[in-house]
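Visitor: Okay, here's the structure, questions in a sec.
The values are calculated or read from the model by the stated rules, or taken from the named source; none is laboratory data. Quantities reported herein were computed from a predicted structural model and do not represent experimental measurements. For neighbour counting, all protein chains shown are included, and Cβ atoms are generated from backbone atoms with ideal geometry for every residue, glycine included. Surface accessibility is based on the protein's heavy atoms, side chains included, excluding ligands, DNA and RNA. Shrake-Rupley method; radii C 1.70, N 1.55, O 1.52, S 1.80 Å.
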Amino acid sequence: LFDLVREQAMPGRHRGITAEDVLAELAAPELIDLYPAPPRLADVPDALPAPGARDIAEAVTGHLGRLIVARGAAGAGKTTALRQVVDHLPAGSVVTLYDCYGGGDYLSSGEERHTPQRFAIQVINELAQRCGTPLLIQPPQQEADLWRLFGRTLERAAGTLDPGAVLVVAVDAADNAAVAATVRGDRGFLDGLVGLRLPETTAVVLTARSHRVASLGVAPAAMVELAVFDVVTSAAHLRRYRPDASDADVSEFHDRTAGNPRAQYYALEQASANGLDMPSLL
């Protein structure tokens, strides 16, 4: 890469460097070979604050060097909480988020997000971007060597952080990785990750639906029960769609949805698409 850049700096050679040029120098056919399991999380502009984000951050700072499980019901806001957790961590902290669900394609052939190689390459190369640690181009052939490299990468990445900052490897919908490993009948990454010794300024956070936590095989681990929306946040959610909603409307909306963010979203979107009035929405 250095030679490629130096050549372009010579007089008369300014044709520019493309992504394809860089990939060719790295002997990587396509970008997906360096980032084999990119996140496919839905864009949520101006997301409401997830109550669980602060709870996860407190668990991280209170259990550094350990694995943490954040559990909750379907639609409770687990993904949003992970995306917001960095806002509650010490300045300079780094959170890398691995998406096990993959937009629902986690069981599709060619995805295999549950495998150790896909997981390790994706996280190691995201840390390379975020922390300046070495990029992984040719992964080790033996799984044991892959986990050894992964552990060294965490140590190096943690060593680049500012004093007081922490490193978090967040694994969203880890229960889907467990399901995929069972369906495929192969070894997923969870066993290796659970058994990994973590640096003292690093934590791993797994999210899962509450009834699937046992499938992760992580006991004993620190557990965080993620809270759904409180009445104040439910009010903010409803009034984004219905600014004139009364306090009584808010109370009924919150109770009928049990504060579940996804249930609220579905109801609000359907009501908006069909032009429903407030009684029909409720």
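Visitor: Quick one: in the range 267-280, which of the residues that are in a helix (DSSP H, G or I) and in contact with a Ser or Thr (Cβ under 9 Å, 6 or more places away or on another chain) is farthest from E225 (Cα to Cα)?
Guide: Checked the range 267-280; the qualifying residue farthest from E225 (Cα to Cα) is M278.
Visitor: Now for a different question. Taking the range 98-127 only, how many residues are in a loop (DSSP other than H, G, I, E, B) and either closer than 19 Å to P199 by Cβ or not small (G, A, S) (or both)?
Guide: 10
Visitor: Further question on the same structure: Answer yes or no as to whether R6 is touching a Leu at 6+ places or on another chain (Cβ under 8 Å), open to solvent by 70 Å² or more (accessible area, probe 1.4 Å) and in a helix (DSSP H, G or I).
Guide: no
Visitor: Could I ask something else about it? Considering L190, L216, L226, which residue is at pLDDT 95 or above and open to solvent by less than 20 Å² (accessible area, probe 1.4 Å)?
Guide: Of the residues listed, the single one that is at pLDDT 95 or above and open to solvent by less than 20 Å² (accessible area, probe 1.4 Å) is L190.
Visitor: Can you confirm whether the range 164-183 contains a residue that is open to solvent by 60 Å² or more (accessible area, probe 1.4 Å) and within 30 Å of A73 (Cβ to Cβ)?
Guide: Yes: one or more hits.
Residue-wise test of (1) assigned to a strand (DSSP E or B); (2) more than 27 Å from H254 (Cβ to Cβ); (3) open to solvent by 50 Å² or more (accessible area, probe 1.4 Å).
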site: A42; (1), (2), (3): no, no, yes
site: T79; (1), (2), (3): no, no, no
site: A91; (1), (2), (3): no, yes, yes
site: T96; (1), (2), (3): yes, yes, no
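Visitor: Moving to a separate point now. Scan the range 191-209 residue by residue and report those that are under 19 Å from L82 (Cα atoms) and in contact with a Phe, Trp or Tyr (Cβ under 9 Å, 6 or more places away or on another chain).
Guide: L193, the sole residue that qualifies.
Visitor: I want to confirm something. Restricting to the range 229-257 and keeping residues that are among the small types (G, A, S) and either modelled with pLDDT under 95 or touching a Leu at 6+ places or on another chain (Cβ under 7 Å) (or both), which single residue is most open to solvent (accessible area, probe 1.4 Å)?
Guide: The extreme case among them is A236.
Visitor: Can you give me the number of residues within the range 9-39 that are under 20 Å from L97 (Cβ atoms), out of contact with any strand residue (DSSP E or B) (no Cβ under 6 Å at 6 or more places or on another chain) and assigned to a loop (DSSP other than H, G, I, E, B)?
Guide: Number satisfying all stated conditions: 5.
Visitor: Can you confirm whether L161 is closer than 24 Å to T201 by Cα and assigned to a helix (DSSP H, G or I)?
Guide: No, not satisfied.
Visitor: Out of the residues in the range 45-61 that are within 19 Å of L226 (Cα to Cα) and without any contact (Cβ under 8 Å) to a residue 40 or more places away in the chain, which is most open to solvent (accessible area, probe 1.4 Å)?
Guide: Restricting to residues being within 19 Å of L226 (Cα to Cα) and without any contact (Cβ under 8 Å) to a residue 40 or more places away in the chain, the top hit is R54.
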